[in-house]
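Accompanying notes for the structure given below.
The values are calculated or read from the model by the stated rules, or taken from the named source; none is laboratory data. All of these numbers come straight from a predicted model, not from anything done at the bench. Positions of Cβ are generated from backbone atoms using ideal geometry, with glycine treated the same way; all protein chains shown enter the neighbour counts. Note: accessible area is taken over every heavy atom of the protein model, side chains too, but ligands, DNA and RNA are not part of it. Shrake-Rupley method; radii C 1.70, N 1.55, O 1.52, S 1.80 Å.
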Amino acid sequence: MLQILFILTVIIMTSSELSYTDARTNFSLKVEDNITGEDGLCIIVSCVVTIPESVSDPIRTTWFKGDPQNLSVEVSNFKRNIGFPQNEKECSFSLNHLVQGKSDGEYRLKLEWGEGNVYIFPQTVNITVKELTQKPTINVPLLTAGEKAEISCKVPGDCLLPLADIVWTGIRPNNTRLGARGVPGRSEHSSIMTFYPKPEHHNTELTCTVTLQGRIRTESTVILKVRHSPVILNSSRCFVWGDELSCMCVSSGVPSPQISWPVLKDSTKHSSAVSVEENISISNISIPGFSKVSATVECVSENLIGTTKMEIQVHNHAEKQNPKVSRRQSPYLFYTNHPKHFHYENHNCFLFSFCHFLEMSCSLTTPDVYDSKDEQKNHN
């Protein structure tokens, strides 16, 4: 014979947890009474039920929404039963793939045992589903040019089986795979992309887009920071003005490189200045009494990742440098006849003293810019 009991004797509410005890039957329940989830994700409701000694296993626990005689939604709970006393059982449950306006409502717990014995707890758990606000979590390791890197994008929430499609944009990966880890009732699902960073990937935007249930889209974007060895740009120059040598060495690298000049070891009189901005270092030197017009001067640039060198040809001030004009999107340099003006395209400017020759005019040049070909050229 079916027996349905609705006997309410004690209900105690502390913060968001509701504790109910039926003094007559010795059933008791501890559960959160109000829980909010987000559209497309899932929620986990933690619950512990105390069973009187008169009730024997097996006991079936079910959460439902609607009329007990005509259930509209029925949810099976997951059981770990680890660390609980003998008369206590876990009755936690999860709602996956939440849909706003459909998953909302009041849920109740039903116990079934023996031959047609049923007990329904009178208190309810109120579920509210709001719009999705969570975003994917992108984890980026320390990136070094040429070294294999794995970047992960975690799906929002901790659903067991999320209905999620993950797309990477901004960089074409060498490979992608799905990963999952977690404990019963909770899990983390990610897409892991593998690629080999290049210097040109520095400051590149990488976006991970997650589409849930084929209808809800959310995304996160990070700016990659790629460490790489210095590259000495072809805009580096050396000139002799009268008997004075003036040289400039321009180098890019992450972290910003330090520039040195071996020629200064043999010079007792010289002046130098260094400017650094946006991972580009500029060093210029001036040495009086220099007469080796056809010589070359070595520039050395180094950072934590590596070292590179370049032999810079020395030009006589009477030699004219043919202006080269380039409109590539990469950064390039302008030298003007202003004694202390250095313009770095892309709207970054700072003072530079290469044209400290005062009334002497500098050639208008647009030197070659750094790209992957420059790197190969300098290493070869």
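Sticking with the crude label model, points 7 Å out along Cα→Cβ, report the distance from residue 131 to residue 243 in nm, one decimal please.
With each label point 7 Å from Cα toward Cβ, the separation is 7.7 nm.
So what's Rg/Rh here for the range 25-152, counting alpha carbon atoms and using the Kirkwood radius for Rh?
1.16
For the range 160-264, run through the trypsin sites (Lys or Arg not before Pro) and keep only the ones in DSSP coil with at most 13 other Cβ atoms within 10 Å of their Cβ.
Filter output for the range 160-264: 215.
At what distance in angstrom do the alpha carbon centres of the range 210-237 and the range 95-130 lie from each other?
Centre-to-centre distance over Cα atoms comes out at 45 Å.
Relative to a virtual label point 7 Å from the Cα of residue 177 in the Cα→beta-carbon direction, which members of the range 189-218 show backbone nitrogen distances below 11 Å?
192-194, by backbone N distance to the label point.
What distance in nm separates the two pseudo spin-label positions at residue 60 and residue 194, each 7 Å out from Cα along the beta-carbon direction?
The two pseudo-label positions are separated by 4.7 nm.
Express the carbon and sulfur contribution to the solvent-accessible surface of the range 98-142 as a percent, rounded to the nearest whole number, probe 1.4 angstrom.
44 percent
Please compare each pair in 30/65; 65/130; 198/309; 30/102; 130/225; 130/198 to a cut-off of 30 Å on the Cα-Cα distance and tell me which ones are over it.
The answer is 130/225; 130/198.
As an exercise, use a Förster radius of 35 Å and the Cβ-Cβ distance of residue 167 and residue 73 to find the FRET efficiency, rounded to the nearest 0.05.
Efficiency, rounded to the nearest 0.05: 0.65.
Using a simple spin-label model with points 7 Å from Cα along the Cα→Cβ vector, what separation in nm is obtained for residue 32 and residue 99?
In this crude label model, residue 32 to residue 99 measures out at 2.3 nm.
Return the Rg/Rh value of the range 75-232, two decimal places, where both radii are evaluated on C-alpha atoms and Rh is the Kirkwood radius.
That ratio is 1.15, to two decimals.
Quick one: accessible area per residue over the range 161-266, 1.4 Å probe, rounded to a whole number of Å²?
Roughly 48 Å² per residue, with all protein chains present.
Convex hull over the Cα atoms of the range 152-266, averaged projected area in nm²?
Seen from a random direction, the Cα hull of the range 152-266 projects 11.1 nm² on average.
Please compute the alpha carbon radius of gyration of the range 203-299, then divide it by the globular-protein estimate 2.2 N^0.38 Å. Two decimals is fine.
1.75
Calculate, for residue 217 and residue 296, the FRET efficiency according to 1/(1 + (r/R0)^6) with r their C-beta to C-beta distance and R0 51 Å; round to the nearest 0.05.
0.35
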